[in-house]
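S.K.: After the structure tokens below, expect a handful of questions from me.
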Amino acid sequence: MEADRPALCDVAGFGQAGRMSSDAGPVSHLHTGDMVQIDYRDEGPSDGPVVVLLHGYPDIPATWDAVIGMLPPGLRIIRPSLRGVGSSKTLDQRARSGQVAALASDVLELLHALDVRDVVLVGHDWGARAAHAAAALEPELFRGLVTLSTAYGDGRGLTAEQSLADASVAWYRYWLCTDRGAAAFRADPAALTRWAWRHWSPSVELTDSDLEAILTATDTEEFADDVVHYYRHGAGAADGAPVYAETQARLDAWPRIRVPATFLIGTADGCETLAPARANGHLFDGERTLIELDGVGHFIQREQPRAVVDAVVSHLGAPHAD
């Protein structure tokens with residue numbers, strides 16, 4: 001990780017302790033080595049236990065609002081926007097990538113810049129992939145890991161029937177691997193966003209303002225390219241960025257996760273199946289809990305925020321001993 005980590009450069013709106021000044025508002029920009037700008041919210045006392053919440057695709061940090069409203073007081077809660085969303089973006093073309101190594105590197109750079117440890121790291125969908133990777137790369141930073149919907153691992157332990165079932169609900173990943181699919185998505189990324197919210201968690205009815213917030217935050221120059229590259233790289237149909245080569249090589253070996261972990265998945269998830277989560281226990285060295293939520297869809301944090309809160313609170317105990 002150290003070999004391809006860009007040097008930290010500029011943290012806007014922060015003093016010596018890394019906490020944003022009270023008059024700067026809840027959103028700040030972090031520049032890491034002039035390569036990536038990360039847009040995030042940093043809320044709660046600077047000396048409180050740290051919980052980092054990573055959203056997925058297609059979503060925004062506000063997806064955690066209901067969870068935050070139920071968490072105990074006194075926590076420091078950090079919510080980044082993933083690259084390509086809101087003001088988070090790459091500043092150097094060498095870092096243009098949607099691969100998991102890039103997403104995880106962004107998370108780790110933010111945590112190092114803010115000088116936080118003993119973090120409970122929470123991620124959904126893409127955020128789950130980034131969280132798994134960050135925990136695998138630098139377990140000493142985390143006291144607990146809570147991930148939602150998207151399981152860790154490459155699915156090699158699945159039967160042929162399970163693999164086909166998994167692919168059938170993930171058709172869009174392979175559609176984006178075709179030139180025609182990628183062109184259609186780039187021409188109108190909002191169409192897939194609207195479709196995903198209707199089908200992946202049918203019981204979730206976004207308000208017009210909530211949907212508009214998602215569409216606005218993902219209407220960026222980089223978003224569509226990052227989405228296409230994320231899925232193509234994950235399917236082995238695109239190379240990664242050389243700047244992340246060393247980190248990606250470590251992740252491609254699917255290192256075992258040593259951080260105590262909880263994974264939640266809904267039995268009615270419209271784009272993930274249960275089999276990968278049931279088959280990946282061997283990839284965890286530490287305590288790992290699998291929670292299946294009956295009748296819940298993909299966006300668990302919006303459908304069952306209490307289940308997420310309970311999982312987070314269960315990890316707010318003693319720091320992880322590496």
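S.K.: Check SER88, SER105, SER97 and return the single one that is of a type in the set (Ser, Thr, Tyr) and free of Cβ contacts under 8 Å to residues at least 60 places away in the same chain.
M.R.: After ruling out the rest, the residue left standing is SER88.
S.K.: Separate question: Only one residue in LEU75, LEU53 is surrounded by 24 or more Cβ atoms within 10 Å (Cβ to Cβ) and either hydrophobic (A, V, I, L, M, F, W, C) or on the phi < 0 side of the Ramachandran plot (or both), so which one is that?
M.R.: LEU53
S.K.: Among the residues of segment 155-186 satisfying the criterion of being touching a residue at least 60 places away in the same chain (Cβ under 8 Å) and assigned to a helix (DSSP H, G or I), which is farthest from GLU221 (Cα to Cα)?
M.R.: Checked segment 155-186; the qualifying residue farthest from GLU221 (Cα to Cα) is GLN162.
S.K.: Scanning segment 90-112 for residues that are part of a helix (DSSP H, G or I) and among the charged types (D, E, K, R), which turns out farthest from the chain's Cα centre (by Cα)?
M.R.: Per the criteria, the residue is ARG94.
S.K.: Hey, could you check segment 50-86 for residues that are of a type in the set (A, V, I, L, M) and assigned to a strand (DSSP E or B) and say which is farthest from THR193 (Cα to Cα)?
M.R.: Restricting to residues being of a type in the set (A, V, I, L, M) and assigned to a strand (DSSP E or B), the top hit is VAL50.
S.K.: Additional query: Sort out which residues of segment 92-105 are out of contact with any strand residue (DSSP E or B) (no Cβ under 6 Å at 6 or more places or on another chain) and either at pLDDT below 95 or of a type outside the set (Gly, Ala, Ser) (or both), and write them in order of number.
M.R.: If the condition is that a residue be out of contact with any strand residue (DSSP E or B) (no Cβ under 6 Å at 6 or more places or on another chain) and either at pLDDT below 95 or of a type outside the set (Gly, Ala, Ser) (or both), then ASP92, GLN93, ARG94, GLN99, VAL100, LEU103 are the ones that fit.
S.K.: Can you tell me which residue is surrounded by the fewest Cβ atoms within 10 Å (Cβ to Cβ) among those in segment 221-257 that are over 18 Å from the mean Cα position of the chain (by Cα), acidic (Asp, Glu) and in a loop (DSSP other than H, G, I, E, B)?
M.R.: Here the answer is GLU221.
S.K.: For ALA213, which of the numbered conditions (1) in a loop (DSSP other than H, G, I, E, B); (2) at pLDDT 95 or above fails to hold?
M.R.: Result: ALA213 passes all but (1).
S.K.: Here is a follow-up. Count, please, the residues in segment 37-49 that happen to be in contact (Cβ under 8 Å) with a residue 40 or more places away in the chain and either in a strand (DSSP E or B) or among the hydroxyl-bearing types (Ser, Thr, Tyr) (or both).
M.R.: Going through segment 37-49 one residue at a time, the tally reaches 5.
This table checks each residue for (1) surrounded by fewer than 22 Cβ atoms within 10 Å (Cβ to Cβ); (2) among the polar types (S, T, N, Q); (3) farther than 22 Å from PHE142 by Cβ; (4) in contact (Cβ under 8 Å) with a residue 60 or more places away in the chain.
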residue: ALA279; (1), (2), (3), (4): yes, no, yes, yes
residue: ILE300; (1), (2), (3), (4): no, no, no, yes
residue: ASP310; (1), (2), (3), (4): yes, no, no, no
residue: SER314; (1), (2), (3), (4): yes, yes, no, yes
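S.K.: Could I ask something else about it? Which one of these is closer than 26 Å to GLY181 by Cα and not hydrophobic (A, V, I, L, M, F, W, C): GLY295, GLY236?
M.R.: GLY236
S.K.: I'm told ALA128 meets every condition in (1) surrounded by fewer than 24 Cβ atoms within 10 Å (Cβ to Cβ); (2) assigned to a helix (DSSP H, G or I); (3) touching a residue at least 60 places away in the same chain (Cβ under 8 Å); (4) hydrophobic (A, V, I, L, M, F, W, C) except one. Can you identify the failing condition by its number?
M.R.: Answer for ALA128: the failing condition is (1).
The values are calculated or read from the model by the stated rules, or taken from the named source; none is laboratory data. Keep in mind that this is a model prediction, so the values were computed, not measured. Methodologically, a virtual Cβ is constructed for each residue, glycine included, from the backbone with ideal geometry; neighbour enumeration extends over all protein chains shown.
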